[in-house]
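Structure first, then comments.
Throughout, read-outs are computed from the coordinates displayed, never taken from laboratory work. What you are looking at is a predicted structure, and each value in this text was computed from that prediction instead of being measured.
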Amino acid sequence: MYMVLDYMPVLNWPFIKRLFLVILFTFGVTYSQNTPSYEQKAVKLMGSAFIFKAIHEDQSLCIESIDKAIKEVRRIEALISSWQANSQTSKVNRMAGRGPVKVDWELFQLIHRSLKVSSVSRGSFDISFASADRIWKFDGSMTSLPDSESVAESVRNIGYENILLNFKDTTVTLTKEGMKIGFGAIGKGYAANRAKAVMTELGIKNGLVNAGGDLICWGKDIDGNDFHVGIADPHDKSNMLAWLVINDLSVVTSGDYERYTHIDGNRYAHIINPKTGYPVQGVASVSIFCPDAELADALATAVFVMGPADGIKFIERLRGIEGIIVDDEGEMFTSKGLELQYYAEKKPEAKPLKKIGLKDEKN
Ligand code: ADP
Ligand code: MG
């Protein structure tokens, strides 16, 4: 598990005060005269709803830090997107089977870290899954399954071992024509980490970034308490299955409730099993808890592919990482460290939920 050591190794479970269950609400806060000011902004970025929260006595610093974090996420999107034709990733994809492409060190490293997660997860997480996204659409437009030959063809083009990295000249080669890479399962986590870094470098010691379900928080919430993070029931998003009181932690959920398609009465999530080329069935959501949002993001997808039994075993082998899996039937599986915490603590008092609007942010 070298990869995990490369990331932030120690998950400080004492910081997770209480648990209930699956994501994405930051709870509203009560003001008192002594509390520092804060700024909170919801923006659509990377095709998802991002929420930034900066807490600091200097309100203008809060605003500035969020603006810079938003710019940073846009910069990352332009670099790693496989949708934008001019991105370096698209160039790598266009050159599949034709030769190496020189990329920025930043993208090179992101691919390198992605390959490490692939290796640790034995290919459950694989950025070259993307050859399958040519035949699967999760926007409701598909009415029948793709034919088995197209699925088999896409599987032939999946394989992280066919992504070659040359450290001397930072080139990336996809060795087979038809291969394609995509960062859908790791890019938002990376963006969340970077947004946090930009904000903390500016002096924001308390804050939160929620990158479309990939949440990272640091320090304390506006009322001086730890952050409250609700984990939504994947079968009824308005119902919280559990909630956490956390600081300095990332909570990432991969769920089939955001993007899926129904074909012939079956429900298919947008996560592809790289070994079969078919979308995963049977899992409703996976939440991963660890200090690093990028790692949590990638692992949530990997565990989704593994399913509850293998997924929990996998999480338990990783130091500093905990998780919750909810299957199709609503059954919940938790890793041991989390379970202990869950039973050790009491339910936190409910706080009013603060609703914030979402708007498309113009430059
Ligand atoms: P979400 O986007 O809901 O946060 P994930 O982080 O699990 O969920 O990312 C799912 C996305 O990752 C898919 O939409 C697709 O772009 C990509 N993906 C699908 N299957 C895999 C896989 N096996 N390995 C890596 N990326 C994948
Ligand atoms: Mg993910």
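Below is a table of values for the structure above.
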read-out	value
The stretch 28-135, relative contact order [Cα under 8 Å, separation at least 6], %	13
Pairs from LYS44/LYS205; LYS196/LYS336; LYS44/LYS313; LYS188/LYS336; LYS44/LYS168; LYS137/LYS220 whose Cα-Cα separation, in the structure shown, is over 32 Å	LYS44/LYS313; LYS44/LYS168; LYS137/LYS220
Cα-based radius of gyration of the stretch 84-174 once divided by 2.2 N^0.38 Å, which approximates compact folds	1.18
